[in-house]
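**Student:** Okay, handing you the structure first.
The values are calculated or read from the model by the stated rules, or taken from the named source; none is laboratory data. None of the values given here were measured: they were computed from a predicted structure. Neighbour counts run over all protein chains shown; Cβ positions are idealised from the backbone, glycine included.
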Amino acid sequence: MNRFLLKPLCCLAALLAFAPAAFAQPSAPLPTITLDEFLNTTDISAAHISPDGSAAVIATDAPDWKAGTYRHTLSLWTPGNGLRPLTQAGTDEDPQWSPDGQWIAFLSDRALLGEPATDDSSSKDSDDATRVWLIPVSGGEAQPLFREKLDVHSFAWSPDGKSIYFATQQPLTHDQEETKKDEWRDVIRWREQERGDLLLALPVAPSLARTAAIALPHDPSNSSKAEDSDQVLPAGVTQLAQISQSITEISPSPDGKSVAYLTDAVSRRFEAPSQTEIYAVPSTGGPVRQLTHNQAIESDVQWSPDAQWLYFVIRSAGGSVDHTYQDIAGRVFRLNPAAPDPADKSLQRLGADFTGGFESLTVAGNGAVYALGLKGTEQQIYSLSGPTATRLPGLPGSYAGVSATHSGNAVLVRFSSINHPAQVYLASDAAHLDQAVPLTALNPIFAQRAQPEWGRYTWKAPDGVTVEGVLIFPPGKLNAKHLRMLTLIHGGPADADGNRFGADWYDWATLAASNGWLVFRPNYRGSAGYGDQFMLQYSPHLVSKPGLDILAGVDALVGDGLADPDKLTIGGYSYGGYMTNWLITQTTRFKAAVTGAGAVEHAANWGNDDMNADDAWVLGGHPWQQPAMYQSEAALFFMDKVKTPTHLVQGGADVRVSYLEGVTMERALQNLGIPHSFLVFPGEGHSLAHNPWHGYIKLREELAWLAKYCPQ
C-alpha cells in the first residue's frame, strides 16, 4: 500500500521555535525564489568550538560572481560580540583551535607576506602552495607557519600547543627539480613520478618569529628568503615518518607520546582499500606501526582522552573490516593502539544495534562518543556505548558536524531541514540539543520566499520490498493532483534524500518545486540509511535493480493520482546520471531528461574512475571477469530504445566519471536523431566547485529544457 506521510504540525512548530527569528513565516503570500537567489547561498563547511567552550570558529563558502570563483572565509563567534570576520583572503579552510584557545591554524594558498599577489583579488599565492597559517584570536594578521614551497595535505596541533604536525609530499631539491625538467620536460611518468608524504613536526613560536622576520617588502635582490635558496624543509622541522602513501588525517595522542595518521593513495586514485589504513609513530620519531589491515576506508581518526583507545568510522559504502570489499552501512570502531591485531580481530564495534548507517564521529573531552547516524530520511546524533546507540533528543531534520569541548559539556552542531538553511547552534550539553542557541542566521532570503511542502512517500518494489522517498510539492499545492513531476535521483548511490536543506547546482529539488514541479526523490536499493541488506542489493545489478525501484515509485505516484502520467520527467547527477541514462533506455514515459556526469558504459569508466575499487565489487569483478554484466548493465547497448529528449552536462576535468562518457552518449543520441544538448564545463571535476557560473548555467539550462518538453 502506498502511503504519503505528512510532517506532524507539532514537529514543525518545534522546528520554527528552534530556528532564528529571521525564519519565522509571515502570513502574507510570498513570491517564489529565483535562480539567482537560490544559488547565491553561503554554505557552512566547518564549525569548531574552542577548547573551553567560550568561542567558535566557522568556515563558510560563498560564490564570488565577479571573480568567477568561490570564497572560503573564516569567522569567529564570541559571547556578546556575535559573529565577526576572522579572515578575508578568500582561500582559507580547515580551521583548528590551538589547545590553549589563543590561536586558530588553517590551510590557505593566500599570498605570502611581502610577496606580490598574482591577481586583483590578492587571494592567490605566486607559487600556489597550500600552507599552514595561524591567526591570533585576540586580533592581528595571519602569519604563515613556514615560507617554503610545500603543499600541506593535513595538519594537527600537538597536545601542548607548542608544535604543529603536518604532512606534505616529499619535496625535490633544486637540483632534482632541474634534472627532472632536463630529462623529462613535460612528460608525465604515470606512477613512476609519484612521491609519498613526509610527516613533519614544526615548533610554532620560533617558526612564526622566523617567517615574520623575513616578511619584508618584495625585493627581487633579497636572497635571504627560503624560496630563493635550495632549502627544502623549514628550519627546525623534525621528520617523524616518510611513507609511500599520502596522509589525509593526523591525530596526536592526548598524552603526547604518539601520532596516529590515516593514509590514502598518493595518486588520489582509490584502486585498493589497502591504500587507506591507520598508522602510528612516536611523537619524536621512530618505528611506524600499522594499526589496521582491512578492506575498508577509514576516516575520523580520534583518540580517547586517556589515550587508551583509537576510534574511527567506516562510512556507508566504505568497505568492510570483516569481509572482502563490499558496500554496507557505516560503522564505528575502536582499537587498542598499544596492541594492534594484524587481522583486525581485536577491533570493537560500537553501536552495532543501530539499523541505519554512521557517517561521522566525535570523541568529547569527557570521553563521550557521539556519531551522526543516518536512518531513513533524517540524520540525528547518537551517543555510543558498547553495542548501544542512543538517539539524543533533537529536532526533526538533519544534524552535521558535531564539535565538543576539551573540557566541559558544551557542543557545537550544524542543523538544517528541507526549508531551513543550515545554521550553527551551541548547546550546553548533548542531552539538550533541542534547546540549542543559534549562532548564525545565514541565507535569510529563503524565509522571505514561498516554501515548498513535503513529506515521505513509501511504495512496494516489484519484489515486494518497501522503498521510501521524499515528495516535494510546489508552494501551496500540498496533495494537489495530476502535477507534472520531476524524478530527481541522488548520487552515490550511498546517499539518501531526506529532511535536510540543499541549495546548489547538485541539490536543487526545492528550486524545481518552486518552478511548479512535484519533485520525487527516491531512496532506491543501494541508498544509505536503510541497513546492510538494502545497500547490498544493488550489486551486481548496478542500475537495473535500483531502476525497478524507481519506476515502481513513479507508477505508484501516477496510480495515486499525484503525478500526471503525461507530464513525467527525470534527472540526476553522478550515479543519478547513471540511473537517468539507464532508465531512458527502459521506458519512453519520460518527456524529458537532464543528466550529468553519468556513465553510459562501465568498462572504460572502470579504467578512468578515480574510485574504481568499488566499481569492480558492484559488478561482480573486473571487466575481463564479468564482460556480460558490464554490458547488460550499461545504457550504451540499449540506446536504440531511447525516445526521450535529453540534456547532458559534464565537467571537462572530471576524473570520477570521464567527460568522454558524456561524449559517447551525445554521439549515440546524435546518431539516433534524439533531441539533445551537451554542455561541458572547462576545468571542473566531478563536482562543479571552481566557478559558480558553471552551476548557474547548468540549472538555468536544465530548468529550461524540462519546461520546453514538459510545459505546465
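**Student:** Checking the structure you have, find out if any residue of segment 281-290 is in contact (Cβ under 8 Å) with a residue 24 or more places away in the chain and crowded, with 23+ Cβ neighbours inside 10 Å.
**Tutor:** Taking every residue of segment 281-290 in turn, none turns out to be in contact (Cβ under 8 Å) with a residue 24 or more places away in the chain and crowded, with 23+ Cβ neighbours inside 10 Å.
**Student:** Going by what's in this entry, would VAL663 be described as aliphatic (A, V, I, L, M) and touching a residue at least 40 places away in the same chain (Cβ under 8 Å)?
**Tutor:** Values: aliphatic (A, V, I, L, M): yes; touching a residue at least 40 places away in the same chain (Cβ under 8 Å): no.
No.
**Student:** State which residue is farthest from ALA404 (Cα to Cα) when the search covers only segment 293-323 and only residues that are in a loop (DSSP other than H, G, I, E, B) and at pLDDT below 95. Lay out the reasoning, then the answer.
**Tutor:** Start the filter on segment 293-323 by keeping residues that are in a loop (DSSP other than H, G, I, E, B), which leaves 293-294, 304-309, 321-323.
Subsequent filtering for residues that are at pLDDT below 95 retains 293-294, 321-323.
Numbers: HIS293: 29, ASN294: 29, VAL321: 28, ASP322: 31, HIS323: 33 Å.
Once the filter is applied, the top-ranked residue is HIS323.
**Student:** Now for a different question. Of everything in segment 686-708, what is surrounded by 18 or more Cβ atoms within 10 Å (Cβ to Cβ) and not in a helix (DSSP H, G or I)? Give them in sequence order. Lay out the reasoning, then the answer.
**Tutor:** Narrowing segment 686-708 to residues surrounded by 18 or more Cβ atoms within 10 Å (Cβ to Cβ): 686, 688, 690-692, 694-696, 698-699, 702-703, 705-706.
HIS686, LEU688, HIS690, ASN691 - these are the residues of segment 686-708 that are surrounded by 18 or more Cβ atoms within 10 Å (Cβ to Cβ) and not in a helix (DSSP H, G or I).
**Student:** Related question: For segment 526-545, what are the residues that are within 23 Å of the chain's Cα centre (by Cα), closer than 26 Å to PRO623 by Cβ and not in a loop (DSSP other than H, G, I, E, B)?
**Tutor:** Within segment 526-545, MET535, LEU536 qualify.
**Student:** A follow-up question, please. If we scan segment 638-645, do we find a residue that is acidic (Asp, Glu) and closer than 24 Å to ASP327 by Cβ?
**Tutor:** Here is the first cut: in segment 638-645, the ones acidic (Asp, Glu) are 640.
Next, from what is left, pick out any that are closer than 24 Å to ASP327 by Cβ: none.
No - not one qualifying residue is present in segment 638-645.
**Student:** Is it the case that PRO252 is farther than 26 Å from VAL618 by Cα, in contact with a Ser or Thr (Cβ under 8 Å, 6 or more places away or on another chain) and not hydrophobic (A, V, I, L, M, F, W, C)? If you could, list the steps in order and put the result at the bottom.
**Tutor:** Details: farther than 26 Å from VAL618 by Cα: yes; in contact with a Ser or Thr (Cβ under 8 Å, 6 or more places away or on another chain): yes; not hydrophobic (A, V, I, L, M, F, W, C): yes.
In short, yes.
**Student:** Look through GLN423, GLN380 and report the one residue that is at pLDDT 95 or above and closer than 30 Å to GLY80 by Cβ. It would help to see each step written out before you state the result.
**Tutor:** Values: GLN380 fails: closer than 30 Å to GLY80 by Cβ.
One residue alone meets the criteria, GLN423.
**Student:** Right, here's the next one. Looking for whichever is within 19 Å of ALA592 (Cα to Cα) and hydroxyl-bearing (Ser, Thr, Tyr) here; the options are TYR506, TYR538. Which one fits?
**Tutor:** Details: TYR538 fails: within 19 Å of ALA592 (Cα to Cα).
Just one listed residue meets the conditions, TYR506.
**Student:** I'm checking my understanding of the structure. Among residues of segment 521-567 that are under 17 Å from PHE590 (Cβ atoms) and acidic (Asp, Glu), which one is surrounded by the fewest Cβ atoms within 10 Å (Cβ to Cβ)?
**Tutor:** Selected residue: ASP566.
**Student:** Of the numbered conditions (1) within 28 Å of GLN348 (Cβ to Cβ); (2) touching a Gly at 6+ places or on another chain (Cβ under 9 Å), ALA400 fails exactly one; give the number of that condition.
**Tutor:** Exception for ALA400: condition (2).
Quick grid of which residues meet (1) closer than 21 Å to ALA528 by Cβ; (2) acidic (Asp, Glu); (3) surrounded by 23 or more Cβ atoms within 10 Å (Cβ to Cβ):
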| position | (1), (2), (3) |
| --- | --- |
| ALA368 | no, no, no |
| LEU392 | yes, no, no |
| PRO396 | yes, no, no |
| GLY408 | no, no, no |
| ILE418 | yes, no, yes |
| GLN423 | no, no, yes |
| LEU426 | no, no, no |
| GLN435 | no, no, no |
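**Student:** Sticking with this structure for a sec: How many residues does segment 584-626 hold that are in contact (Cβ under 8 Å) with a residue 40 or more places away in the chain, of a type outside the set (S, T, N, Q) and under 30 Å from ALA513 (Cα atoms)?
**Tutor:** Here is the first cut: in segment 584-626, the ones in contact (Cβ under 8 Å) with a residue 40 or more places away in the chain are 584-586, 588, 590-602, 604-605, 608-614, 617-620, 626.
In the following step, the residues that additionally are of a type outside the set (S, T, N, Q) were identified as 584, 590-594, 596-602, 604, 609-611, 613-614, 617-620.
Checking which are under 30 Å from ALA513 (Cα atoms) leaves us with 584, 590-594, 596-600.
Looking only at that region, the number is 11.
**Student:** For ALA653, state whether it is surrounded by fewer than 17 Cβ atoms within 10 Å (Cβ to Cβ) and either touching a residue at least 12 places away in the same chain (Cβ under 8 Å) or not in a helix (DSSP H, G or I) (or both). Walk me through how you get there before you give the answer.
**Tutor:** On the way: surrounded by fewer than 17 Cβ atoms within 10 Å (Cβ to Cβ): yes; either touching a residue at least 12 places away in the same chain (Cβ under 8 Å) or not in a helix (DSSP H, G or I) (or both): yes.
Criteria met by ALA653.
**Student:** If we keep just the residues of segment 251-275 that are assigned to a strand (DSSP E or B) and not small (Gly, Ala, Ser), which is surrounded by the fewest Cβ atoms within 10 Å (Cβ to Cβ)? Write out each step before concluding.
**Tutor:** Initial filter on segment 251-275 (assigned to a strand (DSSP E or B)): 251-252, 258-264.
Restricting the remaining residues to those that are not small (Gly, Ala, Ser) gives 252, 259, 261-264.
On the way: PRO252: 23, VAL259: 24, TYR261: 28, LEU262: 25, THR263: 24, ASP264: 21.
Only one residue fits best here, namely ASP264.
**Student:** Looking at (1) closer than 30 Å to HIS482 by Cα; (2) surrounded by fewer than 17 Cβ atoms within 10 Å (Cβ to Cβ), which one does HIS647 not meet, given that it meets all the others?
**Tutor:** Status for HIS647: all satisfied but (2).
**Student:** Continuing with this model, one more query. Within segment 43-81, how many residues turn out to be closer than 20 Å to GLY140 by Cβ, touching a residue at least 60 places away in the same chain (Cβ under 8 Å) and surrounded by fewer than 16 Cβ atoms within 10 Å (Cβ to Cβ)?
**Tutor:** Going through segment 43-81 one residue at a time, the tally reaches 0.
**Student:** Quickly run through segment 276-292 and pick out the residues that are part of a loop (DSSP other than H, G, I, E, B) and not charged (D, E, K, R).
**Tutor:** THR276, SER283, THR284, GLY285, GLY286, PRO287, VAL288, LEU291, THR292
**Student:** Separate question: I need the full set of residues from segment 639-665 which are in contact with a strand residue (DSSP E or B) (Cβ under 6 Å, 6 or more places away or on another chain) and at pLDDT below 95, in order please.
**Tutor:** The one that is in contact with a strand residue (DSSP E or B) (Cβ under 6 Å, 6 or more places away or on another chain) and at pLDDT below 95: TYR659.
**Student:** Here's another thing I want to ask about it. Confirm whether PHE678 is outside any loop (DSSP other than H, G, I, E, B), more than 28 Å from the chain's Cα centre (by Cα) and closer than 23 Å to VAL594 by Cα. Please lay out each step first, then the result.
**Tutor:** Values: outside any loop (DSSP other than H, G, I, E, B): yes; more than 28 Å from the chain's Cα centre (by Cα): no; closer than 23 Å to VAL594 by Cα: yes.
No, not satisfied.
**Student:** Any residue at all in segment 109-128 that is assigned to a strand (DSSP E or B), buried (at least 16 other Cβ atoms within 10 Å of the Cβ) and at pLDDT 95 or above?
**Tutor:** Looking only at segment 109-128, we keep the residues that are assigned to a strand (DSSP E or B), and these are none.
Among the residues of segment 109-128, not one is assigned to a strand (DSSP E or B), buried (at least 16 other Cβ atoms within 10 Å of the Cβ) and at pLDDT 95 or above, which makes the answer no.
**Student:** Would you point out the residue of segment 566-614, among those that are assigned to a helix (DSSP H, G or I) and more than 18 Å from PRO522 (Cα to Cα), that is modelled with the lowest pLDDT?
**Tutor:** ALA613
**Student:** Also, I was wondering about something else. Regarding PHE354, is this residue closer than 30 Å to LEU202 by Cβ, modelled with pLDDT of 95 or more and among the aromatic types (Phe, Trp, Tyr)?
**Tutor:** Details: closer than 30 Å to LEU202 by Cβ: no; modelled with pLDDT of 95 or more: yes; among the aromatic types (Phe, Trp, Tyr): yes.
So PHE354 does not fit the description; no.
**Student:** Out of (1) under 18 Å from VAL470 (Cβ atoms); (2) at pLDDT below 95; (3) among the hydroxyl-bearing types (Ser, Thr, Tyr), the odd one out for THR405 is which?
**Tutor:** Looking at each condition in turn, THR405 falls short on (1).
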